[in-house]
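Undergrad: Let me begin by handing over the structure; questions about it come next.
The values are calculated or read from the model by the stated rules, or taken from the named source; none is laboratory data. Predicted model, so just to flag it, every value in this text is computed and none were measured. Cβ sites come from the backbone with ideal geometry, for glycine too, and all protein chains shown count toward neighbours. Note: areas computed on protein heavy atoms with side chains; ligands, DNA, RNA excluded. Shrake-Rupley method; radii C 1.70, N 1.55, O 1.52, S 1.80 Å.
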Amino acid sequence: QVQLVESGGGTVQPGGSLRLSCAASGSIFSRYAMGWYRQAPGKQREMVALITNGRRTNYADSVKGRFTISRDDAKNTVYLQMNSLKPEDTAVYYCRAVSTVDTYWGQGTQVTVSS
């Protein structure tokens, strides 16, 4: 079992920055690939960024060059640094842990980009 708790969401003006954190507990964190996903009202959940346990990363085209995913295995935490935020980045952001045998989701944190 893995428990995931996201934090760091909030309201920011266009062009601003936020840093999301996802703290994991309950299993061996380094075993899991980690990802950030988001879901805007009326839209399907979409992948934002992924990082493997070997630290290979992948990003959605819409966030490349603006968002950075990273992980600290000593702290069992994955981060999403979001810069140059746009109104279309507004969504609930979810953390996900994935292994070859199981997957877990956090409860989500709201990010609102508005002037």
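Undergrad: As a test, work out the antiparallel percent of DSSP beta bridges whose residues both lie in the chain, rounded to the nearest 5.
TA: Once the DSSP bridges in the chain are tallied, antiparallel ones form about 95 percent.
Undergrad: Could you give the length gained by full extension between SER70 and ILE28, i.e. 0.36 nm per residue of separation minus their alpha carbon distance, to one decimal place?
TA: 13.4 nm
Undergrad: Could I ask something else about it? Would you be so kind as to identify which of ALA60, VAL92, THR109 lies farthest towards the positive end of the dipole of the chain, taking Lys and Arg as +1 and Asp and Glu as -1 on Cβ and the Cα centre as origin?
TA: The residue sitting farthest along the positive end of the dipole is ALA60.
Undergrad: Does anything in region 77-111 have its amide N under 15 Å from the 7 Å Cα→Cβ label point of ASN58, and if so which residues?
TA: Answer for region 77-111: 96-100.
Undergrad: List every residue whose amide H lies under 5 Å from the amide H of PHE67, counting only residues 5 or more places away in sequence or on a different chain, with H placed 1.01 Å from N in the peptide plane.
TA: Residues meeting the amide H criterion: ASN83.
Undergrad: Additional query: Apply the Karplus parameterisation 6.51 cos²θ - 1.76 cosθ + 1.60, with θ equal to phi minus 60°, to every residue of region 88-98 and state each ³J(HN,Hα) to the nearest whole Hz, in sequence, with x for glycine and proline.
TA: Per-residue couplings from phi come out as 6, 7, 4, 4, 8, 9, 10, 9, 9, 10, 10 Hz.
Undergrad: Now for a separate question. Counting only heavy atoms of the protein chains, get the accessible area per residue of the chain (1.4 Å probe) and round it to a whole Å² value.
TA: Normalised by residue count, the accessible surface of the chain is 53 Å².
Undergrad: Taking amide H positions as placed 1.01 Å from N in the peptide plane, with prolines and chain starts having none, which residues 5 or more places from GLY16, or on another chain, fall under 5 Å of its amide H?
TA: Placed amide hydrogens put LEU85 under 5 Å from GLY16.
Undergrad: Okay, next question. Search the structure for amide H atoms under 5 Å from the amide H of GLY108, placed 1.01 Å from N in the peptide plane, and list their residues when 5 or more places away or on another chain.
TA: GLU6, CYS95
Undergrad: Suppose every Lys and Arg Cβ carries +1 and every Asp and Glu Cβ carries -1, with no other charges. What dipole size does the chain come out with about its Cα centre, to the nearest 20 debye?
TA: Using only the charged Cβ atoms, the result is roughly 160 debye.
Undergrad: Output ³J(HN,Hα) for region 57-74: one whole-Hz value per residue in order, computed from phi by the Karplus curve 6.51 cos²θ - 1.76 cosθ + 1.60 with θ = phi - 60°, and x for Gly and Pro.
TA: 10, 8, 10, 5, 4, 5, 10, 4, x, 10, 10, 9, 9, 8, 9, 10, 5, 5
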